[in-house]
Amino acid sequence: MTTAMTSAAPTRVLVVAHRTAATPKLLNEVRSRSRRSPCTFTLLVPRPYWDPDTDEATITLELAIPVLAEAAGASVEGIVGDNDPFVAVQHALERGDFDELIISTLPARVSRWLRRDLPHRVEAFGLPVTVVTAE
């Protein structure tokens, strides 16, 4: 008689952030999420709409990934995406398997993503969405 060992695959979380990619609220959410169950995290940084030809998104990845990895307790992958954050999420989901999304935004009074209703729009992809709003 054989005993099968079952180990659940880690939950694959796509974190979408730009200017909030290393803020305390997002780091706390990643830390909390990784404590609930095994996870892998990928940070998606859409290119800035005001200047999509710069390396700003790459610089954001380089600065945010080490602190996110520390919060996650594991390595974090990084992707630079389209300057439209909805399209960036759509492309990331087409290229990779993810189980849930964390959207990190600026406060409502200054957030272009919230004005464009990004968190609600990405719910159409059928994955759980957590919204983290920086202070």
Expected 222 nm ellipticity per residue - DSSP helices of 4 or more, -39500 (n - 2.57), all of the chain, to 500
-11000 deg cm²/dmol
Interchain or long-range residues, amide H under 5 Å from D82's placed H
R47, A88
Order of W113, W50 from fewest to most other C-beta atoms within 10 Å?
W50, W113
Pick the calculated Rg/Rh (Cα atoms, Kirkwood Rh) for this structure from (i) 1.06; (ii) 1.01; (iii) 0.95?
(ii)
If you take the beta carbon distance between N28 and E62 as r and set R0 to 30 Å, what does 1/(1 + (r/R0)^6) give as a FRET efficiency, to the nearest 0.05?
0.90
Assign unit charges at the C-beta atoms only (+1 for Lys and Arg, -1 for Asp and Glu), then state the dipole size of the chain relative to its Cα centre in Debye, rounded to the nearest 20.
520
For the range 66-135, what does the equivalent ellipsoid look like in terms of its semi-axes, each the square root of 5 times an eigenvalue of the Cα gyration tensor, given largest first in whole Å?
20, 17, 12
Amide hydrogen neighbours beyond the local backbone of R12, cut-off 5 Å, H modeled:
T40, D99, E100
Phi to ³J(HN,Hα) by Karplus 6.51 cos²θ - 1.76 cosθ + 1.60 over the range 27-41, Hz, x for Gly, Pro:
4, 5, 5, 5, 4, 5, 5, 6, 6, 5, 6, x, 9, 10, 10
What number, in percent, do you get for the relative contact order of the range 69-135 if the mean sequence gap of Cα pairs under 8 Å and at least 6 apart is divided by its residue count?
33
Considering the options T105, A72, S32, tell which one lies farthest towards the positive end of the dipole of the chain, charges being +1 on Lys and Arg and -1 on Asp and Glu at the Cβ, about the Cα centre.
S32
Got the relative contact order for the range 12-135 handy, in percent, Cα pairs under 8 Å and 6 or more residues apart?
33
Calculated FRET value between E100 and R19, using beta carbons and R₀ = 22 Å, to 0.05
0.50
Within a Cβ distance under 13 Å of P85, other residues only, what is the Lys/Arg minus Asp/Glu net charge?
+3
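Read-outs throughout are calculated quantities, based only on the coordinates presented, and are distinct from any laboratory measurement. Predicted model only: the values in this text are computed from it and were never measured. Cβ coordinates were reconstructed from backbone atoms using ideal geometry, including for glycine residues, and neighbour counts include every protein chain displayed.
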